[in-house]
Amino acid sequence: MASIPTPQPVPIRLEGIVKRFDHNVKGRIAAVDNVDISVAPGELLTLLGPSGCGKTTTLRMIAGFEHPTEGSIFIGDHDVTRLRANERNIGFVFQNYAIFPHLSVFENVAYGLRVQGRPEAEIRSAVEQVLDLVGLGGYGTQQPHQLSGGEQQRIALARAIVFQPRILMFDEPLSNLDAKLRGQMRGEIRELQKRLGITTVYVTHDQEEAMAISDRIAVMNHGSVVQIDTAEALYARPCNAFMANFIGKSNLLPGQVLQADARGAQVRVLDQTLQCLQAAPEVRAGDAVRVVVRPEQISLAPGGGPGSASVISRTFLGEKTEYQVQAGTATLHAVAYGAGASARLAEGQAVQVVLPAEGNAIIRD
Ligand SMILES: Nc1ncnc2c1ncn2[C@@H]1O[C@H](COP(=O)(O)OP(=O)(O)OP(=O)(O)O)[C@@H](O)[C@H]1O
Ligand SMILES: [Mg+2]
């Protein structure tokens with residue numbers, strides 16, 4: 001497959017970034033509020049969060065379409081805070097592709113190079129290389145209306161990389177595609193990004209897409225970064241209740257710390273003693289906390305007796321069966337995969353609930 005020479009990957013650093021807007025309805029708002037983010041050279045970092053949390057505004061500031069009210073942005077060693085977008089050498093892929101309908105595939109990709117007055121031979125070779133790279137080799141003479149949504153998205157991608165940008169940015173690039181194509185395209189974007197080794201910032205509000213495509217994810221809420229880490233770490237150690245419910249599903253079970261040190265905390269929950277991970281800041285004996293237990297970590301076994309719980313509802317979903325279980329005053333969400341005994345519990349049935357003995361995250365809020 002074709003390859004284009006790419007510059008050395010560069011890091012990106014955002015320091016104390018604030019963006020205030022005068023909003024017609026909300027008044028003066030901080031759309032982005034004191035954000036610090038570092039992206040390593042060649043890394044794909046995703047900004048993930050609910051609608052209106054400031055993802056696009058953050059991305060547009062890195063690209064130079066918007067300027068921060070406070071703070072600094074560095075690309076490599078350069079402070080680019082005051083540079084215009086066209087001085088930053090960034091490839092940007094938008095949600096709506098922004099393709100020229102009257103130009104052929106080739107001319108769509110060539111457009112920016114023509115504006116720069118590059119020689120014809122150079123344009124031809126660069127465009128053909130990137131069309132090959134995005135899987136559109138031979139499509140040069142097609143018109144955009146002759147292409148599928150996925151192929152149009154590939155043109156947008158080709159146009160972003162034909163300049164050999166130092167950085168790639170994506171803002172919800174797959175949201176116009178159907179679910180199957182979304183899955184395929186995200187794999188292709190990731191594969192290409194890895195191959196080119198370009199530092200990339202990707203925006204989505206789709207949690208699964210973020211988990212599938214990213215080296216690390218920065219979860220944002222109300223203009224701030226709540227937690228930034230790998231998908232695995234965010235799932236295993238959410239830092240607060242928002243995170244525990246935003247990445248995957250959680251049971252937040254009230255418990256009391258029996259003893260604790262730097263390595264971990266013993267917590268009493270539902271008459272069970274669990275060895276939990278320490279929180280930050282650390283918890284101490286006697287503290288009231290909540291323990292994060294994922295539905296798939298709960299084991300249910302048929303059986304009454306002391307401490308037994310009862311199945312309130314059962315939902316069969318093919319590869320998994322979801323339950324709601326009443327255990328004392330707590331309502332638990334549990335899920336059983338496969339077709340074993342724990343997938344065949346009935347509503348109203350008495351069950352024993354076993355929580356994972358160790359490794360649970362705890363939160364203090
Ligand atoms: N040009 C603007 N003028 C005024 N307010 C703005 C402007 N751009 C964004 N905002 C506000 O800033 C906040 C963050 O917007 P932003 O577009 O960054 O959110 P987002 O996380 O990308 O959301 P979505 O997932 O819906 O795209 C919102 O409250 C929005 O209304
Ligand atoms: Mg947005």
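Look at residue 118 and say whether it is open to solvent by 80 Å² or more (accessible area, probe 1.4 Å), in the same structural domain as residue 156 (by TED's automatic domain parsing), out of contact with any Pro (no Cβ under 9 Å at 6 or more places or on another chain) and outside any helix (DSSP H, G or I). Talk me through it step by step, then tell me what you get.
On the way: open to solvent by 80 Å² or more (accessible area, probe 1.4 Å): yes; in the same structural domain as residue 156 (by TED's automatic domain parsing): yes; out of contact with any Pro (no Cβ under 9 Å at 6 or more places or on another chain): yes; outside any helix (DSSP H, G or I): yes.
Yes.
Of all the criteria given as (1) open to solvent by 10 Å² or more (accessible area, probe 1.4 Å); (2) assigned to a helix (DSSP H, G or I), the one not satisfied by residue 135 is (2).
Can you go through 13, 28 and tell me which one is open to solvent by 60 Å² or more (accessible area, probe 1.4 Å), more than 10 Å from ligand 1 (Cβ to nearest atom), among the basic types (Lys, Arg) and touching a strand residue (DSSP E or B) at 6+ places or on another chain (Cβ under 8 Å)?
Unique residue meeting the criteria: 13.
Tally the residues that are farther than 20 Å from residue 89 by Cα and crowded, with 21+ Cβ neighbours inside 10 Å, restricting the search to segment 32-78. Working first, answer last.
Step one: of segment 32-78, the residues farther than 20 Å from residue 89 by Cα are 32-36, 47-55, 69-71.
Subset that is crowded, with 21+ Cβ neighbours inside 10 Å: 32, 35, 47-49, 53-55.
Residues flagged as farther than 20 Å from residue 89 by Cα and crowded, with 21+ Cβ neighbours inside 10 Å within segment 32-78 amount to 8.
No other residue among 70, 66 is of a type in the set (D, E, K, R) and more than 10 Å from ligand 1 (Cβ to nearest atom) apart from 70. Restricted to segment 189-213, and to residues that are open to solvent by less than 20 Å² (accessible area, probe 1.4 Å) and within 18 Å of residue 235 (Cβ to Cβ), which residue is farthest from ligand 2 (Cβ to nearest atom)? Among those that are open to solvent by less than 20 Å² (accessible area, probe 1.4 Å) and within 18 Å of residue 235 (Cβ to Cβ), it is 213. Residues in segment 308-318 that are open to solvent by 60 Å² or more (accessible area, probe 1.4 Å) and under 22 Å from residue 269 (Cα atoms): 1 in all.
Of the residues making up segment 22-70, those that are more than 13 Å from ligand 2 (Cβ to nearest atom), part of a loop (DSSP other than H, G, I, E, B) and of a type outside the set (Gly, Ala, Ser) are 24, 25, 26, 41, 43, 67, 68, 69. Of the residues making up segment 319-337, those that are open to solvent by less than 40 Å² (accessible area, probe 1.4 Å) and not aromatic (Phe, Trp, Tyr) number 8.
Residues that are touching a Cys at 6+ places or on another chain (Cβ under 8 Å): which strands (runs of 3 or more DSSP E) entirely in segment 169-241 hold 1 or more of them? Working first, answer last.
Details: elements: 199-204, 216-221, 224-229.
Here the list reads 216-221, 224-229.
For segment 242-285, taking the residues that are in a loop (DSSP other than H, G, I, E, B) and among the β-branched types (Val, Ile, Thr), the one that is nearest to residue 218 (Cα to Cα) is identified as 247.
If you take the residues of segment 137-177 that are among the hydrophobic types (A, V, I, L, M, F, W, C) and without any contact (Cβ under 8 Å) to a residue 40 or more places away in the chain, which of them is farthest from residue 191 (Cα to Cα)?
Here is the first cut: in segment 137-177, the residues among the hydrophobic types (A, V, I, L, M, F, W, C) are 147, 155-158, 160-163, 167-170, 174, 177.
Now drop any that are not without any contact (Cβ under 8 Å) to a residue 40 or more places away in the chain, which leaves 174, 177.
Working: 174: 15, 177: 19 Å.
Result: 177.
The values are calculated or read from the model by the stated rules, or taken from the named source; none is laboratory data. Since we're looking at a predicted model, the values are computed, not measured. Because the Cβ atoms are built from the backbone with ideal geometry, glycine has one as well, and the counts that use them run over all protein chains shown. Side chains included, ligands, DNA and RNA excluded: accessible areas come from the protein's heavy atoms. Shrake-Rupley method; radii C 1.70, N 1.55, O 1.52, S 1.80 Å.
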